[in-house]
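Comments concern the structure below.
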Amino acid sequence: MHLTMNKDAPLKIILAAPRGFCAGVDRAIKIVERAIDHYGAPVYVRHEIVHNQRVVETLEKQGAVFVDEVSDVPENAPVIFSAHGVAKSVPMAAQARGLTWLDATCPLVSKVHIEASRLAETDHHILLIGHAGHPEVIGTMGQVETNKISLIETKEDARNFSIEENTPLAYVTQTTLSVDDTSEIIDVLVSRFPNIVAPHKEDICYATTNRQQAVKNIAPKVDQMLVIGATNSSNSVRLVEVALKAGCEDAQLIADADDIDWDAFSSTVAAGVKTLGITAGASAPEAIVREVVESFKQRFDVELEEYVDTVETVKFNLPRELRD
């Protein structure tokens with residue numbers, strides 16, 4: 001990697017907190033690690049356990065094998081379902097093959113699954129606010145019959161949605177959406193369907209909300225914002241959008257320090273970028289944050305400040321089979 005250095009150039013870095021791993025991601029990774037210890041390698045995982053290549057590669061070295069479908073798992077091998085959740089048909093397929101399976105679905109996603117199932121049982125048509133193709137959305141839509149749930153991605157979708165008059169309606173949401181954008185979509189739905197049933201408790205998870213709020217607070221104070229995360233990580237992509245919307249003129253998503261164009265950044269520092277914000281999506285390890293900060297320290301005269309918006313204390317239990 002080419003090392004562009006301007007050690008005399010002052011650069012203030014504001015680290016957002018909370019950032020990085022949430023309780024659901026931490027639990028999912030531990031489930032894979034404990035399963036490898038408990039059953040022995042290899043342990044199979046359907047899809048990426050979380051959306052981060054570093055995490056996936058680390059678990060592969062320990063004995064995890066990532067597959068696309070349950071049908072790719074050998075006979076008698078244990079299989080784990082990712083933190084994003086799966087359709088009801090997935091554990092049914094594992095059961096039909098007699099496989100040992102563990103569910104690493106984040107409990108807050110499971111809460112949405114339970115909500116959707118209960119609403120369908122009471123003959124509500126469910127509007128799922130989320131992004132098409134995201135594993136969490138696929139999993140949630142797979143909790144109920146296809147004719148009982150519709151996907152709403154935008155305000156335009158909310159304005160154009162039509163259904164037979166007097167059909168009971170309810171909405172649930174993907175847990176990793178932009179809080180503000182989702183609120184705008186909900187406002188449209190409520191204005192059109194005043195009797196629509198809302199979740200008993202906000203579906204967007206605490207970690208998504210907290211990370212977005214920290215970014216909102218520091219975005220106006222920085223010249224540029226770097227969000228560490230994967231391009232297929234919904235909550236990481238939303239952090240970039242939130243930063244731009246909150247007043248930061250330049251916000252970028254990076255996987256790690258190698259993703260930074262150091263020559264270009266050195267030029268922007270020379271041109272007047274003096275304050276940099278850094279945060280990380282909920283599936284990005286803190287080790288990558290430290291590597292990024294260290295890479296800046298190698299090149300610039302860094303003043304480091306941490307902005308703490310809130311302190312998270314949430315923890316989720318592991319499945320009974322894997323508890324000490």
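Taking the numbered list (1) more than 26 Å from Lys315 (Cβ to Cβ); (2) touching a helix residue (DSSP H, G or I) at 6+ places or on another chain (Cβ under 9 Å); (3) small (Gly, Ala, Ser) in turn, Ala116 passes all entries but (1).
Within the group Ile31, Ile80, which residue is surrounded by 22 or more Cβ atoms within 10 Å (Cβ to Cβ) and without any contact (Cβ under 8 Å) to a residue 60 or more places away in the chain?
Ile80
Can you find, within region 262-289, the residue that is farthest from Asn217 (Cα to Cα) among those that are exposed (fewer than 14 other Cβ atoms within 10 Å of the Cβ) and under 20 Å from the mean Cα position of the chain (by Cα)? Checking each candidate, the answer is Ala287.
So, restricting to helices (runs of 4 or more DSSP H) that lie completely within region 196-303, which ones have at least 3 residues that are in contact with a helix residue (DSSP H, G or I) (Cβ under 6 Å, 6 or more places away or on another chain)? Step through it out loud before you land on a result.
Numbers: elements: 206-218, 234-245, 262-270, 286-299.
Output list reads 206-218, 234-245, 286-299.
Quick one: is Asp203 farther than 22 Å from Glu306 by Cβ and in contact with a strand residue (DSSP E or B) (Cβ under 9 Å, 6 or more places away or on another chain)? Let's see the steps before the verdict.
On the way: farther than 22 Å from Glu306 by Cβ: yes; in contact with a strand residue (DSSP E or B) (Cβ under 9 Å, 6 or more places away or on another chain): yes.
So Asp203 passes the test.
Could you say whether any residue in region 153-162 is over 29 Å from Arg19 (Cβ atoms), at pLDDT 95 or above, part of a loop (DSSP other than H, G, I, E, B) and within 24 Å of the chain's Cα centre (by Cα)? No, region 153-162 contains no residue that is over 29 Å from Arg19 (Cβ atoms), at pLDDT 95 or above, part of a loop (DSSP other than H, G, I, E, B) and within 24 Å of the chain's Cα centre (by Cα). Scanning region 73-85 for residues that are farther than 16 Å from His38 by Cβ and either small (Gly, Ala, Ser) or under 23 Å from the mean Cα position of the chain (by Cα) (or both) yields a total of 5. If the condition is being surrounded by fewer than 19 Cβ atoms within 10 Å (Cβ to Cβ) and closer than 18 Å to Ala282 by Cβ, then region 155-179 contributes only Val179.
Mind checking which residues of region 1-60 are at pLDDT below 95 and hydroxyl-bearing (Ser, Thr, Tyr)?
Taking region 1-60 and keeping what is at pLDDT below 95, we get 1-10.
The answer is Thr4, and nothing else.
A single member of Asp263, Asp324 is modelled with pLDDT under 95, farther than 14 Å from Gln224 by Cα and in the same structural domain as Ala243 (by TED's automatic domain parsing), and it is Asp263. Whether any residue in region 22-33 is more than 18 Å from Ser236 (Cα to Cα) and touching a strand residue (DSSP E or B) at 6+ places or on another chain (Cβ under 7 Å) is what I want to check. Checked against the condition, which is being more than 18 Å from Ser236 (Cα to Cα) and touching a strand residue (DSSP E or B) at 6+ places or on another chain (Cβ under 7 Å), region 22-33 yields at least one hit.
Against the conditions (1) more than 26 Å from Leu253 (Cα to Cα); (2) buried (at least 16 other Cβ atoms within 10 Å of the Cβ), Ala41 satisfies every one except (2).
A quick yes/no check of all residues on (1) more than 20 Å from the chain's Cα centre (by Cα); (2) surrounded by fewer than 16 Cβ atoms within 10 Å (Cβ to Cβ):
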site	(1), (2)
Lys7	yes, yes
Leu11	yes, no
Phe21	no, no
Val25	no, no
Asp37	yes, yes
Leu59	no, no
Ser71	yes, yes
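The values are calculated or read from the model by the stated rules, or taken from the named source; none is laboratory data. Keep in mind it's a predicted model, so treat the numbers as computed, not measured. A quick note on method: Cβ atoms are made from the backbone with ideal geometry, for glycine too, and the neighbour counts reach across all protein chains shown.
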